[in-house]
1. Which one of A92, A117 is of a type outside the set (V, I, T), within 20 Å of the chain's Cα centre (by Cα) and surrounded by 13 or more Cβ atoms within 10 Å (Cβ to Cβ)?
2. Kindly establish whether L95 is over 24 Å from W7 (Cβ atoms) and modelled with pLDDT of 95 or more.
3. Name the residues in region 1-16 that are over 20 Å from A80 (Cβ atoms) and out of contact with any helix residue (DSSP H, G or I) (no Cβ under 8 Å at 6 or more places or on another chain), would you?
Amino acid sequence: MRTVDEWKAALRAALKEAMRSRSSQASAVLRELLAAIDNAEAPDMRVAPTAVGEVFAGSAGGVGHGEVPRLALTPEAVQAVIDRELQERRDAVALYEKLGKQDEASAVKAQLDVLLAL
């Protein structure tokens, strides 16, 4: 299983290649997946420092006091994010086909193929 850094490096390399080949579908799905991983690393705002002072709205006291470290994902958590993205696209393909929207279904299938190739 790949580490988190290996996943991100592979996704960024695939994104560069998709952009070079001007594949808008591949570029879009790879950007979405990178964003989903970044969102999963977002810190829990309940542990953020409380605001103090009245100089700036919502500021925390002192330089760097407002910083909250990002969450460290495990390889399993990254795989769960990828699996969730795959499932969303499978569901979308099924729905589009059920509604008779073949153009939309084929576009989402192309995105699904990009993700499955990873």
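1. Step by step, each of A92, A117 is checked, and only A92 is of a type outside the set (V, I, T), within 20 Å of the chain's Cα centre (by Cα) and surrounded by 13 or more Cβ atoms within 10 Å (Cβ to Cβ).
2. yes
3. A13, K16
The values are calculated or read from the model by the stated rules, or taken from the named source; none is laboratory data. Since the model is a prediction, treat every value here as computed from it, not as a measurement. Reconstructed Cβ throughout: ideal geometry from the backbone, glycine too, with neighbour counts over all protein chains shown.
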